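Some notes on the structure that comes next.
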Amino acid sequence: MMIRKAGIQDLKAMIQIDMQVEGVIQSSMSEQQLNEHAKKIKRFASDEDKGAFIYEDENSNEKIGLLMYTVVNRDATYLWT
């Protein structure tokens with residue numbers, strides 16, 4: 001198994017994995033819902049304070065896992081503090 005930082009080229013796989021984890025069936029979502037979900041996940045590949053790691057099988061390059069994260073600055077003011 002290989003772990004690497006996800007990039008924008010992994011967006012489709014990231015969306016599919018995230019939807020599987022959430023138990024969402026893609027065909028049950030409207031086009032607008034799919035686009036909104038894609039925008040949300042895309043931020044994990046493009047925003048400075050977010051990121052993702054892809055777990056891949058080294059032999060087949062099959063994506064077998066995903067870890068997405070958000071960096072929170074403890075000195076910043078947030079709505080929930």
Q.
If I filter the range 44-51 for residues that are under 16 Å from M2 (Cα atoms), among the aromatic types (F, W, Y) and either in contact with a strand residue (DSSP E or B) (Cβ under 7 Å, 6 or more places away or on another chain) or exposed (fewer than 12 other Cβ atoms within 10 Å of the Cβ) (or both), do I get at least one hit?
A. no
Q: Output the number of the condition that A45 fails; it satisfies all remaining conditions of (1) in contact with a Lys or Arg (Cβ under 8 Å, 6 or more places away or on another chain); (2) closer than 30 Å to A76 by Cα; (3) hydrophobic (A, V, I, L, M, F, W, C).
A: (1)
Q: Looking only at the range 58-81, count how many residues are in contact with a strand residue (DSSP E or B) (Cβ under 8 Å, 6 or more places away or on another chain) and either surrounded by 14 or more Cβ atoms within 10 Å (Cβ to Cβ) or closer than 17 Å to K12 by Cα (or both).
A: 7
Q | Counted residues, the range 20-43 - those being in contact with a Leu (Cβ under 9 Å, 6 or more places away or on another chain) and under 21 Å from Y69 (Cβ atoms) | A | 4
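Each reported figure results from applying straightforward, stated rules to the coordinates on display, with no laboratory input. Keep in mind that this is a model prediction, so the values were computed, not measured. Heads up, the Cβs are rebuilt from the backbone with ideal geometry, glycines too, and the neighbour counts pull from every protein chain shown.
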